[in-house]
Amino acid sequence: MSTRGRSSNSEYMIYFLYILKSLITNKSYVGMTNNLDRRLKEHNSGKHFYTKRHCPWVMIYNEKYDNLKEARKREKYLKSASGRKLIKELFNKL
């Protein structure tokens, strides 16, 4: 069956935006996933270039979204200058 003209199943999955904090450096990482536990384990296992240099990581924040588009929009915002200010405020509260 063709999916032309139809939305992909990924649009109907639950997605999470998350913020990680390194336990050894004052670094953060913003990402999104459909499985928070798996993704945190991936970051802490050294599979990703940026995060492997700052292991171990803890998840300090997450938000739940009903679709990929909204999760990506929020991720993009948090990676902007304005979003980074919010992350800094979150760090200061810890």
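Read the figures in this text as sums done on the coordinates, not as results from a lab. The structure presented is a predicted model; accordingly, all values stated were derived computationally and were not measured. Ideal geometry is used to build each Cβ from the backbone, glycine not excepted, and the neighbour counts take in all protein chains shown.
Which pairs turn up if I take residues in the range 46-61 that are under 22 Å from Y15 (Cα atoms) and look for partners that are among the charged types (D, E, K, R) with beta carbon separation below 7 Å, at least 6 apart in sequence or on another chain?
If the second residue must be among the charged types (D, E, K, R), the pairs left are H48/E42; W57/K21; V58/K21; I60/K21.
Go through the range 6-94 and tell me which helices (runs of 4 or more DSSP H), entirely inside it, have 3 or more residues that are of a type outside the set (V, I, T) and within 15 Å of the chain's Cα centre (by Cα).
The helices (runs of 4 or more DSSP H) meeting that bar are 36-44, 68-78, 81-93.
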